[in-house]
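Chemist: Below are the structure tokens for one structure; questions will follow.
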Amino acid sequence: MRTRRTNRGAVVVAATALAAAASAVALALATSANATPQGALAHVGHAGHVMAQADTSAQNAALVVAADAQATDIAQGKTASASSAEGDDYVASKAVDGDGSTRWASQQSDDQWIKVDLGSTATIDHLVIDWEAAYGKAFTVQTSDDGSAWTTVATVTNGSGGNQTVAAPGSGRYVRLAFTQRGTGYGYSIFSLHVFGTGGTDPAPYNPRPLPEAPPAPTRR
């Protein structure tokens, strides 16, 4: 699983603010001996203000990290379908099987889609798409409660492939990528489609009934 860059940024901001606070305190102590009491108090007051900002930044960073830690890949192992597949080895389930070496690949046309059934209503935060070379340049991320009425929660108009993160806050049982423009002359090809959020339901395990025992062979008379 890949860590969102926003988490790192929040932690860096908090660390920078703490460093600034320490510098301000040091400056207050160094100048208080030669400065007026009012000047020394001003430096200390500024240090306290920076410390307060640092504390707030640290709290915000912690909240972001905690929220992201709760969001897991709720698409892996779920039922997936698509508008088309290039062949039997490139069906939709390959994009959510947890194997980064397999992939879904569509036929060569612009209007295609891939859909994941999360099992039950889930809260969605963002998607991570691991593209093969044949990527989508324009597409929407849609959610649905029933698989028929769709709500667009994110729109991409200038995709560039690679490892792509798409913020897509919303909720629903189904998540669909609806493609409208290819980035290459091929179709669309995805190694892994990750849906990060909370909720959903794992499919029931397949437990086939054992075959009945064969009847005894007839005896010869």
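Any read-out appearing in this document is the output of simple, stated calculations on the displayed coordinates, not a laboratory observation. These numbers come from a predicted model, not from an experiment. All Cβ positions, even for glycine, are placed from backbone atoms using ideal geometry, and neighbour counts span all protein chains on display.
Chemist: Could you list all residues from the range 92-107 that are in a loop (DSSP other than H, G, I, E, B) and either small (G, A, S) or surrounded by fewer than 19 Cβ atoms within 10 Å (Cβ to Cβ) (or both)?
Modeler: D97, G98, D99, G100, S101, T102, S106, Q107
Chemist: Under 16 Å from K78 (Cβ atoms) and either of a type in the set (V, I, T) or touching a Cys at 6+ places or on another chain (Cβ under 8 Å) (or both): does that describe T143?
Modeler: For T143, the condition - under 16 Å from K78 (Cβ atoms) and either of a type in the set (V, I, T) or touching a Cys at 6+ places or on another chain (Cβ under 8 Å) (or both) - is met.
Chemist: I've got another one for you. Provide a single number: the residues in the range 135-173 that are buried (at least 19 other Cβ atoms within 10 Å of the Cβ), in contact with a Leu (Cβ under 8 Å, 6 or more places away or on another chain) and of a type in the set (S, T, Y).
Modeler: The qualifying residues number 1.
Chemist: Of (1) touching a Phe, Trp or Tyr at 6+ places or on another chain (Cβ under 7 Å); (2) closer than 15 Å to S81 by Cα; (3) in contact (Cβ under 8 Å) with a residue 60 or more places away in the chain, D130 satisfies all except one. Which?
Modeler: (2)
Chemist: Which of the residues that make up the range 179-190 are closer than 25 Å to Q76 by Cα and surrounded by fewer than 19 Cβ atoms within 10 Å (Cβ to Cβ)?
Modeler: Within the range 179-190, T180 is the sole residue that qualifies.
Chemist: Can you pull out every residue in the range 92-138 that is on the phi > 0 side of the Ramachandran plot and more than 16 Å from the chain's Cα centre (by Cα)?
Modeler: G119
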